[in-house]
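**Q** Would you mind keeping the following structure in view while I ask a few things?
What follows draws every value from the coordinates through simple rules; no lab data is involved. Computed from a predicted structure; not experimentally measured. Cβ placement follows ideal geometry from the backbone for every residue including glycine, while neighbour counts extend to all protein chains displayed.
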Amino acid sequence: MASNGVGDFFALDVGTNAIRVVQLSPSGSGAWSLSHFGYAPLDEKISSSSSPEALRRIGDIIMTAVGQSGIRTKNVVIGLPSSKTFTAVIEVPTMNEVELRNTLKYQIDQYIPMAANEAKVDWALLGPSLHDARQQEVLVASTANSYAEERLEFIESLGLNVIAAEPDPLAMVRSLLPSGVADARLIIDVGEQSTDLAITFGDSPRLVRTIPTGLRTLVKAAVQNLNVQEDQARQFILKFGLAPDRLEGQVFRAIEPTLDNFTSEITKSVKFFQTRYPDTPVGGIMLSGFSAVVPKFGDYVSSKTAIPSSIANPWQRVRVSQSDQQQLLSVAAEFATVIGLAQRRNKV
């Protein structure tokens, strides 16, 4: 959503299980250096509550993370969780930007799941349609006014100045997608409670959706089917993953039905994309979040979709000092959204 031309800023990602803050400094074309970062674990009971007490705790944790990171600026770009945002790619007839602005102003109700006067809406022109020369594609993102204002007030009550807010999946694409990819790519970012999917082409997301399956869903399945405690089930999944030969394949078998549903949703998304863009094959799957750290996750998804997978690197354009690398080692895969927010070009 719109940002003002302000110099220094940092990015804030309030996740389900952690607060992440990052400040980057540009170093050459399309490259950055990590100036400051902070990471603070967050109890899921607190992050999922909107009680005044929970918000006070979240505020304290945010300011602790900012304080420990050494960030001095008050200007911040925040992420909006995919559960609170709606993102779609629409097609409209080719026209100039002024006409497009007017058209969208009067027709936006058709494209978003709420009344236009109850939503904050932002859009970006992606360029000509890939399958109809008379049309152009526009990425539309919206969030409810009530949620956006609440979040803004909350962050600003901490003494910070919000200069922009952006849906998490758009930020994630910015940090994870390598430059100059010729074909389409499917990015899978598995979080604690849900998974963000984006299929990209030409540097931009062309399909964005959220699947309500996350690491927590797999842990629940393992708890039920293996008769173990939650923290043990979590350890099993993160250590043995989807390897059919570890622990006699018990962990894999326990979570396979859940994974099967998950991969059928991924396959549906790929089919939907291929129907819309028949001449643009999805050439690879990029794994982020927990899908990058659960052993054999990529192999399983590739075997179900017949698309090769690799681990995405949110740090690919960021120079990180040796000591910071050491500190980040165990959580580096969780930074896709916050790095993408920090890599926003700071323009009005």
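**Q** Nearest 5 is fine: what % of DSSP beta bridges in the chain come out antiparallel, could you say?
**A** 70
**Q** Related question: Which one of R206, R101, R185 has the biggest mean-square fluctuation once the chain is modelled by GNM with Cα springs under 10 Å?
**A** Comparing R206, R101, R185 in the GNM, the peak value goes to R101.
**Q** For the stretch 1-112, what does the equivalent ellipsoid look like in terms of its semi-axes, each the square root of 5 times an eigenvalue of the Cα gyration tensor, given largest first in whole Å?
**A** 33, 22, 12
**Q** Within a Cβ distance under 15 Å of P128, other residues only, what is the Lys/Arg minus Asp/Glu net charge?
**A** Result for the neighbourhood of P128: -3.
**Q** With viscosity set to 1.567 mPa s at 4 °C, what whole-number translational diffusion coefficient in µm²/s follows for the stretch 135-208 from Stokes-Einstein and a Kirkwood radius over Cα pairs?
**A** Result for D is 90 µm²/s.
**Q** A further question follows. Could you state, as a whole-number percent, how many of the C-alpha pairs of the stretch 227-335 are farther apart than 16 Å?
**A** So the portion of pairs separated by more than 16 Å is 67 percent.
**Q** Using a cut-off of 10 Å between beta-carbons, work out the net charge of the residues near L177 (Lys and Arg +1, Asp and Glu -1, L177 not included).
**A** Values: positive: R174, R185; negative: D203.
Net local charge, L177 excluded: +1.
**Q** Do the alpha carbons of any pairs in K84/K239; K84/K120; K105/K268 sit beyond 22 Å of each other, and which pairs?
**A** The answer is K84/K239; K105/K268.
**Q** Please give the Cα centre distance for the stretch 113-144 versus the stretch 158-230, rounded to the nearest Å.
**A** 20
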